[in-house]
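The values are calculated or read from the model by the stated rules, or taken from the named source; none is laboratory data. Worth saying up front: this structure is predicted, and the values here are computed from it rather than measured. Positions of Cβ are backbone-derived with ideal geometry, glycine not excepted, and every protein chain shown enters the neighbour counts. Areas reflect the complete protein model, heavy atoms only, side chains present, ligands, DNA and RNA absent. Shrake-Rupley method; radii C 1.70, N 1.55, O 1.52, S 1.80 Å.
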Amino acid sequence: MIMEKKSPQEELRIGVYVCHCGANIASKVDVESTRDFAAKLPHVTVARDYKFACSDPGQELIQKDIKELGLNRVVVASCSPQLHEKTFRNACADVGLSPFYVQMANIREHVSWVTEDPELATRKAKSLVAAAVRRLAFAAPLETKRVPVHPDVLIVGGGIAGIHASLILANAGRKVFLVEREPTIGGHMAQFDKTFPTMDCAACILTPKMSDVKNHPNIMMWTYSEVEEVAGFTGNFKVTVRRKARYIKEELCVGCNDCVEACVLKKDRVQVPDEFNVGLSRRKAVYMPFPQSTPACVVIDPEQCLQLMKGKCAQTCVEACERAAIDFDQSDEIVEIDVGAIIIATGYKPFEARRIAEYGYGKFANVYTTLEIERLVNASGPTGGELRLRDGTTPKVAGVIHCVGSRDRRYNPYCSNVCCMGALKMAHLIKERTGAEVFNFYVDMRTAFKGYEEFYDQILSEGVQFVRGRVAEVTDWAMTDEEKGKLVIRVEDTLVGVARRIPVDMVVLAIGLEPQADAGEIQRKFNISCSNEGFFLERHPKLGPVSTFTDGIFLAGACQGPKDIPETVAQAGAAAAEALCLVDKGFVEIEPNTAWIDEEVCSGCKTCIPLCPFKAISRDEEKRIAVINEALCKGCGTCVAACPSGAAQQNLFTDEQIYEEIEGVLSYA
Amino acid sequence: MPDDVSLPIAEDFQPRIIAFFCNWCTYTASDLAGTSRMTYAPNTRVIRVMCSGRIDPQFVLAALRKGADGVLLGGCHPGDCHYQAGNYKCLRRFRLLKRLLTQLGIEEERVRLEWIAASEGDRVQKVTNEMVEQIRKLGPLRLEKIPTHPNGEAAPAPAEPMATATEGAVS
Amino acid sequence: MSKPKAGFYWCASCGGCEESVVDLAEAILDVVDAIDFVFFPVAMDFKREDVEAMEDGEMTVCFINGALRTSEHREMAELLRRKSQFLIAYGSCSYQGGIPGLANLYSRSQILDFVYGGSPSTANPEGNRPQPHFHAPEGDLELPTFDSEVKALDQVVDVDFYLPGCAPPPSLLKAAVEALLSGELPPKGSVLAPDKALCEDCPRIDSKPNEPLISEFKRPWEIEIDHEKCLLAQGLLCLGPATRSGCDHVCINGNMPCTGCMGPVSRVQDHGSAILSALASLIDSDDPQKIDDVLEGIPDPAGTFYRYGLPHSTLFAKCGITQGNGET
Amino acid sequence: MKYLYYPGCSLKGTSRGYEESILAIFEKLQLPLQELEGWNCCGATAYMAVDEIKALALAARNLALAEQVAGNEPVSLVAPCNSCYLVLSKAQRHMEEFEDIGDVIVKAMREAGLRYEGHVHVRHPLDVLVNDVGLDALRRAASQPLNGLKVACYYGCQVVRPYATFDDQHNPQTMHELLKAVGAEPVDWSLGTRCCGGSLTGTIEKAGLRLCYILLREAKVRGADAVATCCPLCQFNLECYQGQIASMFGDEVDIPVTYFSQLLGKAMGIDERTLGLKRLFVPLTTAAV
């Protein structure tokens, strides 16, 4: 297991550790031969292979060699530095070796996991090891900087994820800014009637949490507000928030709705569909989104209000308001806040059912989405909880179509996770409220969590009919007299093996979940990544599910991928814990990969100055050269690559280190 | 023209490609390709830089000089740079470098810039395979050797005699 | 004690380097007082045989200018190397290949085909080509052979010091001679010029904006050039930011941009791509099309960025120029 | 972009009106279609059922010829018949995707002294007209707009399935947009890609005719003045059996069944004879036009 040899040069004593990662590396890369190869490289004092280098005994092995063999540089050939660089740096630092004398060679993600041929994989691994060894010759014992962390936290989005995370952090004594772009917090959950699988009333479990948020001394709840700009970095973000003009003095409004009554716009003449009721009812220019809106404060829609649009109105609302809360002179307010951590909980967008023309949404009056049914069966909904078709009749037969916009390569290939259970809930509610016969058309039933399968069983026992098959179309084309005036669902019943036509009165589309329309904009603003489908990308699918690639920014809820309420709440808790972890620690360590200017070489040509996006470079007028403000430098190295004199250099990525790496990987190719 | 003389490509030619990948997008995508077990051609050697803006055109030339048959530059998509705009600097240099390399007889396919987001592991696979195939077709990069002085060793071989004698060329 | 002996020889060169010696003006008298020129084909009638007759290392110093392209250049370089204690590559061509080095963009046969056929001023209906050996009734004639590429001096023989410039500024020559005479020499391989780029002491640096972004490259004839303002800021392609200082800003003072004759500073491996990176980074657009539009202003990148140093660059020559000749 | 025309057998036989109208409209749009010289059977119909690879090789020969004609220019091979369009596209794709199929075809072609590099675009005229020529240009070319003629746009199965290269697989709209641009009013029906009966009309007649009947009746119910098709077999099935269908189902389903290109040509002011409209069994009532 050990290959030892004398280093020709006393000053460089390198230890190389080739990790098997169980069979993850060893099954493709010949670790023994890689070890032997490494042992013969210049300055290598010891080369070993080990089952799991990241395990405690693995780390101890390295520490022991540092102490006993006097190693002063360490190469670990294992997984991606993104994963374990910290581990090995810490292990070395613990025994007094500068953590920056550690170099990783990524022979798992970049080699064993992606290469078919073992021989070629071994060659690739060797070349990466050679590069790491050569690179280390130019490593420097840098110092990690510590920067204090601002203790406050920003949470973007006031749905159930944002609400839950805010409460946890606030209860832990942290000051939280909760920014929500709608006039009220609550999100999609507030629109739901019941929640599966226990069928608790959504409002009953959500609204107490909403008022807790409102009343919590540690929470600054900013509704009708949007994040404009984010600057800074982990621990020290500077965030600009636009607080949109509500035209209501929030602190005076008590939510009595007298102004709404008084608004001169006649309800039936007002053309604005009520957002909260997904367009099933209409609202006036001044309105309260829903009875339990939090804050319980009305808002004036500037696109509707005659006073704001034309400057001409009787202003009956002003007259009606006893507390003189209406203020037409309000304008947007821009506020800047400092926070140490950010949780993004911006939620999802329901799939736009119109996109699937063959399901006839928007064309046939009696095709609904699940969200519309939630409102229709809700006691405070537009029909007072009566489930009626648009012509006022009660449906006798209803069809619920699953996977609308999900698991469909034309729209979204992914499973939206919540619609199977949502569709079962629909079947239950429709049956319960109307006694109608209900057909559910599913592709696969996915009821995988606690109590979900039992719920499915219950719905089955309620007599809902399940047809397995993706619905081809919903049509008003009648083949028989019986079908006339009905909507016909055409589907291949794949369990029976026949094409069926099922006439129904009502169709409910179980629409999937999509990224918010402006997810791309949010992604850019916060400098995080999106996965292919547009949901925000977590740092690691298993080990960093609420972190992002930008330190200090965490994810909660459906903005990261479709999820239901229990999962969202769990994730919000996790994100809050991670944020708390960061702000409670009080400082962050900054990778010292900053750039610096070699004064002896800089000619003061000014090339680098405009290239720095962080304005870290300026001209020292006395010395007539460029200087880099290390505190502002983020370590991209753009100035270094552009410096025509080679005066700008980047720690951890000096020209020499990269040239060595180039020669290293090519030396054994 | 002698430029057209192409040498046969060895059957077992394995192109050597150096890839400079930015830490935040393309390197991460490359890790993702790994965690997703997407196999691809084993010919690339990734050198991690924090940002594609760190990629000095001198590195590209050095890689080619030291034996790479191709160089792949990878950064975040426009607008997505972790450092706001490093990838644009990379793009600007790349556009000019390409023109320079063309003048210096380096085929278009040998130096490539790709925007690959952290989530696009499949693109790492696709681009790598594609590039390896293209370079396999082109054959090894045969740069002109830089002469070195003999330092006591044999003097450089004399060049061939002046052009092949043309008939009746002597006046 | 006799005066130290010196040689001054030219290879593929324009003669400008010889003139730079004359540019020492009165100081040339001090030089001649201090050293004995024993070989100087332009100025004095010594022959190759005279050099061959010298002891090895007999000359204290020999300055060689011009790039190396023929068998004769190589032979002379080797001969002079043997006969001198210090060999100095004098001028851009000898140091980095110089303007003759741009011939490395073409193969030997392309050059010969053009010179003895394709060029509009050539009348050569028989298609005659120079022959290295020719037998005439009076005897055999030998001509030097023409190499397949242009080389810098240190690619043929070991070089002690480099004196850059096209031609080298007299001030640097004077300083070099003084150093040689005093024996206070920098480490072998040094470039005998300041190791900072031209912007360092450029008289116009204060007029260069702190954010020198570029939205257009202009050719000198396209604009009326301001005598005071930074030339790069006027849209001219000035290689000053990447080029070694020490030239006394003769071009800048003549209201012309730097073209890079002094070569790069010591921390730069490849002069051309270093200035390419600096200039391209400053282009004021993120749109590929607009970037290309700006770059249209550099119609000949290789000729612009490697004007004085293609043989000394990382790539040395255009890929494939020698492959017809069996070399790879 | 060069446009070559691949007629296939139908356009030279049962669907002469399709060829006549296609050639006339492209001529008038100053994009004359050059017929591919030496073309052969596309390989559809029985070949495909007997030996798929040979059928594909047959198709590939046409692609090779087209590439030869085009030289280095990019070329579109315009195949108006949906079957030809599908089989040519399939040959193209199978050669790219399946190495074994590609090898057999390349070998077969080499025997015939041909080679194919894969540079031909197989295109349907609907695609070319809407995406290359463009709706604006068509609108401008419509000197005699169709004036609200109610049309049931019928695509058939093959033009978007399995390859939906230029339109939605489930809900194609290209023909709708094209005819709308020249003044027609497509009726709202959902049967655009429903089966026309295909070759069942010649084998299991009862089943085949029932499928035709569903389409014809629905077109009438939706108030269509005419059905517009883009496939010779669809047009044939829907037009030729109307009498039989009437007696079988006791329901009159007389409705003109045209090619979309004939309607487009009409809007462009080309005379009916040139467009092959005189060949219709049920004449297009000009009242609406």
(message) Going through A:591, A:663 one at a time, which residue ends up being under 28 Å from residue A:137 (Cα atoms), touching a residue at least 40 places away in the same chain (Cβ under 8 Å) and either within 14 Å of chain C (Cβ to nearest Cβ) or open to solvent by less than 50 Å² (accessible area, probe 1.4 Å) (or both)?
(response) A:663
(message) Residues that are over 24 Å from residue D:84 (Cβ atoms), charged (D, E, K, R) and open to solvent by less than 10 Å² (accessible area, probe 1.4 Å): does the stretch D:178-188 have at least one?
(response) no
(request) Among the strands (runs of 3 or more DSSP E) lying completely within the stretch C:1-120, list those that include at least 3 residues that are touching a Ser or Thr at 6+ places or on another chain (Cβ under 8 Å). (result) C:5-10, C:59-65, C:84-90
(request) Tell me, please, whether a residue that is surrounded by 17 or more Cβ atoms within 10 Å (Cβ to Cβ), within 14 Å of another protein chain (Cβ to nearest Cβ), of a type in the set (Gly, Ala, Ser) and farther than 30 Å from residue A:166 by Cβ can be found in the stretch A:335-356. (result) yes
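Considering only the stretch C:121-132, state which residues are more than 7 Å from chain B (Cβ to nearest Cβ), open to solvent by 100 Å² or more (accessible area, probe 1.4 Å) and more than 31 Å from the chain's Cα centre (by Cα). Working first, answer last.
First pass over the stretch C:121-132, keeping only residues more than 7 Å from chain B (Cβ to nearest Cβ): C:121-125.
After this cut, where a residue has to be open to solvent by 100 Å² or more (accessible area, probe 1.4 Å) as well, the list is C:121, C:125.
If the condition is that a residue be more than 7 Å from chain B (Cβ to nearest Cβ), open to solvent by 100 Å² or more (accessible area, probe 1.4 Å) and more than 31 Å from the chain's Cα centre (by Cα), then C:125 is the only one that fits.
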(message) Looking only at the stretch C:194-240, count every residue that is touching a residue at least 40 places away in the same chain (Cβ under 8 Å), open to solvent by 20 Å² or more (accessible area, probe 1.4 Å), farther than 15 Å from residue C:282 by Cα and aliphatic (A, V, I, L, M) and tell me the total.
(response) 0
(message) Go through (1) within 22 Å of the chain's Cα centre (by Cα); (2) within 7 Å of another protein chain (Cβ to nearest Cβ); (3) within 26 Å of residue C:195 (Cβ to Cβ); (4) not polar (S, T, N, Q) for residue C:312 and report which single condition fails.
(response) (2)
(request) For residues that are more than 7 Å from chain A (Cβ to nearest Cβ) and touching a residue at least 60 places away in the same chain (Cβ under 8 Å), scanning just the stretch B:58-87, find the one that is most open to solvent (accessible area, probe 1.4 Å). (result) B:65
(message) Here's a check for you: in the stretch A:488-503, which residue that is within 39 Å of the chain's Cα centre (by Cα) and within 21 Å of residue D:188 (Cα to Cα) is surrounded by the fewest Cβ atoms within 10 Å (Cβ to Cβ)?
(response) A:490
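Go through C:324, C:303 for me and flag whichever is within 13 Å of chain B (Cβ to nearest Cβ), assigned to a helix (DSSP H, G or I) and modelled with pLDDT under 95. Steps first, please.
Numbers: C:303 fails: modelled with pLDDT under 95.
On inspection, the qualifying residue turns out to be C:324.
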(request) Kindly list the number of the only condition in (1) more than 10 Å from every other protein chain (Cβ to nearest Cβ); (2) touching a strand residue (DSSP E or B) at 6+ places or on another chain (Cβ under 9 Å) that fails for residue C:204. (result) (2)
(message) Quick check on the stretch A:310-327. Is at least one of its residues over 28 Å from residue A:210 (Cα atoms) and either assigned to a strand (DSSP E or B) or out of contact with any helix residue (DSSP H, G or I) (no Cβ under 9 Å at 6 or more places or on another chain) (or both)?
(response) yes
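List the strands (runs of 3 or more DSSP E) that sit entirely inside the stretch A:428-496 and contain at least 2 residues that are of a type in the set (A, V, I, L, M).
A:471-475, A:487-493
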(request) Could you check residue A:561 against (1) at positive phi; (2) modelled with pLDDT under 95; (3) buried (at least 20 other Cβ atoms within 10 Å of the Cβ) and say which number it fails? (result) (2)
(request) Output the number of residues of the stretch A:309-323 satisfying the condition of being open to solvent by less than 50 Å² (accessible area, probe 1.4 Å) and in contact (Cβ under 8 Å) with a residue 60 or more places away in the chain. (result) 2
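Can you say whether residue A:602 is within 14 Å of another protein chain (Cβ to nearest Cβ), touching a strand residue (DSSP E or B) at 6+ places or on another chain (Cβ under 6 Å) and open to solvent by less than 40 Å² (accessible area, probe 1.4 Å), as far as the supplied structure shows?
Values: within 14 Å of another protein chain (Cβ to nearest Cβ): yes; touching a strand residue (DSSP E or B) at 6+ places or on another chain (Cβ under 6 Å): yes; open to solvent by less than 40 Å² (accessible area, probe 1.4 Å): yes.
Yes; evaluated as a whole, the condition is true for this residue.
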(request) Quick one: count up the residues across the stretch A:613-649 that are more than 10 Å from chain C (Cβ to nearest Cβ) and assigned to a loop (DSSP other than H, G, I, E, B). (result) 15
(request) Looking only at the stretch B:34-45, decide whether some residue is under 13 Å from the mean Cα position of the chain (by Cα) and assigned to a strand (DSSP E or B). (result) yes
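With the condition kept exactly as written, say whether any residue in the stretch C:251-266 is facing chain B (nearest Cβ under 8 Å) and of a type in the set (Gly, Ala, Ser). Quick ask: steps written out before the conclusion?
Filtering the stretch C:251-266 down to residues facing chain B (nearest Cβ under 8 Å) leaves none.
No - not one qualifying residue is present in the stretch C:251-266.
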(request) Please find, within the stretch C:270-295, the residue that is farthest from residue C:91 (Cα to Cα) out of those that are out of contact with any helix residue (DSSP H, G or I) (no Cβ under 6 Å at 6 or more places or on another chain), in contact (Cβ under 8 Å) with a residue 40 or more places away in the chain and more than 7 Å from every other protein chain (Cβ to nearest Cβ). (result) C:284
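Mind checking which residues of the stretch D:219-248 are without any contact (Cβ under 8 Å) to a residue 60 or more places away in the chain and either crowded, with 18+ Cβ neighbours inside 10 Å or within 14 Å of chain A (Cβ to nearest Cβ) (or both)?
Answer for the stretch D:219-248, where residues must be without any contact (Cβ under 8 Å) to a residue 60 or more places away in the chain and either crowded, with 18+ Cβ neighbours inside 10 Å or within 14 Å of chain A (Cβ to nearest Cβ) (or both): D:220, D:221, D:237, D:239, D:241, D:242, D:245.
Where in the stretch A:127-239 are the strands (runs of 3 or more DSSP E), entirely inside, with at least 3 residues that are open to solvent by 10 Å² or more (accessible area, probe 1.4 Å) and touching a Pro at 6+ places or on another chain (Cβ under 8 Å)? Step through it out loud before you land on a result.
On the way: elements: A:145-148, A:153-156, A:176-179, A:219-222, A:225-233.
Of the strands (runs of 3 or more DSSP E) lying wholly inside the stretch A:127-239, none has at least 3 residues that are open to solvent by 10 Å² or more (accessible area, probe 1.4 Å) and touching a Pro at 6+ places or on another chain (Cβ under 8 Å).
Restricting attention to the stretch D:170-191, and to residues there that are within 12 Å of chain A (Cβ to nearest Cβ) and without any contact (Cβ under 8 Å) to a residue 12 or more places away in the chain, which single residue is nearest to the chain's Cα centre (by Cα)?
Keep residues of the stretch D:170-191 that are within 12 Å of chain A (Cβ to nearest Cβ), which gives D:170-173, D:176, D:187-191.
Next, from what is left, pick out any that are without any contact (Cβ under 8 Å) to a residue 12 or more places away in the chain: D:173, D:190.
Details: D:173: 14, D:190: 19 Å.
Looking at the filtered set, the residue picked out is D:173.
Condition test on residue B:15, is it more than 29 Å from residue A:646 (Cβ to Cβ), within 9 Å of another protein chain (Cβ to nearest Cβ), touching an Asp or Glu at 6+ places or on another chain (Cβ under 7 Å) and not hydrophobic (A, V, I, L, M, F, W, C)? Even if it seems obvious, please write down each step before you answer.
On the way: more than 29 Å from residue A:646 (Cβ to Cβ): yes; within 9 Å of another protein chain (Cβ to nearest Cβ): no; touching an Asp or Glu at 6+ places or on another chain (Cβ under 7 Å): yes; not hydrophobic (A, V, I, L, M, F, W, C): yes.
Answer is no for this residue.
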(request) Output the residue which, of all residues in the stretch C:133-160 that are farther than 30 Å from residue C:90 by Cα and either more than 7 Å from every other protein chain (Cβ to nearest Cβ) or among the β-branched types (Val, Ile, Thr) (or both), is surrounded by the fewest Cβ atoms within 10 Å (Cβ to Cβ). (result) C:137
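Counting only residues that are more than 15 Å from the chain's Cα centre (by Cα) and open to solvent by less than 40 Å² (accessible area, probe 1.4 Å), how many does the stretch C:247-264 have? Break it down into steps so the answer makes sense when it comes.
To start, the set of residues in the stretch C:247-264 that are more than 15 Å from the chain's Cα centre (by Cα) comprises C:248-257.
From what is left, the residues that are open to solvent by less than 40 Å² (accessible area, probe 1.4 Å) are C:249, C:252, C:255, C:257.
Number satisfying all stated conditions: 4.
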(message) Among the residues of the stretch C:236-257, what is the count of those that are among the small types (Gly, Ala, Ser) and touching a Gly at 6+ places or on another chain (Cβ under 8 Å)?
(response) 2
